[in-house]
Amino acid sequence: MLSPVHGGPDAEGVPAHDLSTNANACGPYPPAERAVQGADARHYPDPAYTALRVQLGAWHGVAPARIVLAASASEFIQRISTAVALRAHEAATHTRAAGVHLPVHAYGDYARAAQAAGLALTQLPGGAALLWACEPSSPLGQADPDLPARVAALRDGQTLVLDQAYEPLRLDGALALDAAARDRVWRLVTPNKALGLTGVRAAYAIAPLDAPPALLARVQALAPSWPLGAHGVALLQLWASLDAQDWLAQCHATLGEWKRRQTALLAQAGWRIEPSVANFFVAARANPAGADDPALQTLLCALRQQGFKLRDCASFGLPGRVRMAVVAPAVQDALLVALRRAAAQQAG
């Protein structure tokens with residue numbers, strides 16, 4: 001079974017400077033933080049989340065019945081994978097496992113959930129019961145130019161999930177799907193990164209307009225009772241508001257300036273920066289031997305000892321590279337000092 005690999009805190013605790021999680025460095029959003037702190041944790045939420053689903057449906061212009069609440073994006077990934085596998089098994093006329101198609105470089109929970117559900121990895125989208133897309137992508141933070149064609153090519157019985165965890169923090173461009181195309185896919189929304197509150201686990205999916213009723217019912221039935229606690233409800237309520245989106249738009253301008261400064265500093269220090277449209281990017285140290293950096297782990301350990309954590313991209317299929325979030329200028333300057341110190345230790 002595949003082991004999970006994540007950014008964020010580790011056995012040493014919370015890093016003083018965490019560039020590994022892609023959270024909004026301008027956050028947390030103050031009203032959301034206050035709402036979470038003031039959430040009524042003495043009582044259960046409404047188990048049907050009636051008011052919240054109505055609010056989110058109105059926000060997205062869809063029927064509340066299409067809103068599927070989830071404890072987190074990872075929880076929904078597990079749930080939809082299981083639901084699709086069960087549906088494919090019931091409809092199968094042969095014993096071969098149903099297929100799942102993943103992006104070349106992708107969040108590891110897609111493959112872990114597929115493996116747990118008995119879905120077989122396939123390189124052919126046409127032969128997959130479940131297909132995953134992430135826009136902007138992780139770890140590269142890039143747009144997917146092939147996404148419209150993939151949506152157009154969907155056949156009856158196929159389920160495509162578009163993970164939009166990083167869409168709220170897109171700094172350039174826009175999602176290249178029109179309203180009709182968006183209505184053909186499941187859209188997974190995870191606001192906690194954008195609001196700078198990654199410790200609050202809350203997400204939701206928007207089901208396709210013509211989602212098979214049996215699949216939608218099974219996805220709902222596979223949910224645990226009360227997947228969202230009071231704090232998650234408070235976060236999503238604040239997310240679906242004009243004030244929150246106005247604040248996020250201001251963050252985009254700031255993050256764009258910070259990103260230009262951060263990538264320029266790293267380039268001057270000898271790092272290669274991959275293009276990205278998001279608030280994070282992939283980078284690698286200049287290495288005459290090629291893309292793989294055999295000393296990267298030593299560098300990451302040295303940085304961790306100095307209070308910095310970057311995301312090793314080996315689990316994404318990109319060894320020798322790191323993913324790092326855009327951070328404030330003061331943290332950028334401290335990172336450059338830490339990188340020079342770590343490099344000197346390696347050289348000495």
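Straightening the chain between Ala58 and Ser241 buys 64.8 nm, computed as 0.36 nm per residue apart minus the Cα-Cα spacing.
For the chain, the relative contact order comes to 25 percent (Cα pairs under 8 Å, sequence separation of at least 6). Between Val104 and Ala343, the simple spin-label model (points 7 angstrom out along Cα→Cβ) gives 2.9 nm. The rule of thumb for compact globular proteins, 2.2 N^0.38 Å, goes into the C-alpha radius of gyration of region 32-241 1.00 times. Note on Leu222 and Leu124: the model spin-label points, each 7 Å out from Cα along the C-beta direction, lie 2.4 nm apart. Modelled label positions at Ala51 and Thr254, each set 7 Å beyond Cα in the direction of Cβ, lie 3.0 nm from each other. Report for region 93-223 the percent antiparallel among DSSP-assigned beta bridges with both residues inside it, nearest 5. Approximately 20 percent, going by the DSSP bridge assignments. The Ala179 and Gln297 beta-carbon pair, evaluated with R₀ = 56 Å, returns a calculated FRET efficiency of approximately 0.75.
When a/c is below 1.5 the answer is rounded, else prolate if a/b is larger than b/c, else oblate, so apply that to region 1-131 with a ≥ b ≥ c taken from the square roots of the Cα gyration tensor eigenvalues. Cα axes put region 1-131 in the oblate bin.
Ranked by how many other Cβ atoms sit within 10 Å of their own Cβ, fewest first, the residues Ser20, Ser72 fall in the order Ser72, Ser20.
With 0.36 nm allotted per residue and the present C-alpha distance subtracted, the Gln306-Ala152 stretch has 50.6 nm of extension available.
Taking every C-alpha pair closer than 8 Å and separated by at least 6 residues, the mean separation divided by the residue count of region 224-314 gives a relative contact order of 12 percent. Here His43 and Ala16 are evaluated by their C-beta separation; at R0 = 51 Å the FRET efficiency comes out at 0.90.
Who wins for biggest fluctuation among Ala11, Ala48, Ala267 in a Gaussian network model of the chain, springs between alpha carbons below 10 Å? It is Ala11. Counting every other Cβ atom within 10 Å of each residue's Cβ, Val62, Val14, Val282 order from fewest to most as Val14, Val62, Val282. Most tightly packed first, judged by the mean number of other beta-carbon atoms within 10 Å of their residues, the peptides 248-258, 125-135 read 125-135, 248-258.
Counting beta carbons within 10 Å around each of Asp144, Asp163 and listing the fewest first gives the order Asp144, Asp163.
Per 0.36 nm of contour for each residue apart, how much would the distance between Ala286 and Trp271 grow if the chain were fully extended, relative to their Cα-Cα spacing? Extending this stretch completely gives an extra 4.8 nm. Computing FRET efficiency as 1/(1 + (r/R0)^6) for Gln115 and Ala214, where r is the C-beta to C-beta distance and R0 is 25 Å, gives about 0.55. Over all other residues within a Cβ to Cβ distance under 12 Å of Ala234, the charged ones net out to -1, with Lys and Arg as +1 and Asp and Glu as -1.
Electrostatic tally near Ala249: other residues with Cβ closer than 15 Å to its Cβ, Lys and Arg +1, Asp and Glu -1, net -4.
Along region 63-69 the Karplus relation, 6.51 cos²θ - 1.76 cosθ + 1.60 evaluated at θ = phi - 60°, assigns HN-Hα couplings of 5, x, 5, 8, 8, 10, 7 Hz to successive residues, with x for each Gly and Pro.
Values in this text are rule-based calculations from the coordinates and carry no lab data. Since the model is a prediction, treat every value here as computed from it, not as a measurement. Cβ sites come from the backbone with ideal geometry, for glycine too, and all protein chains shown count toward neighbours.
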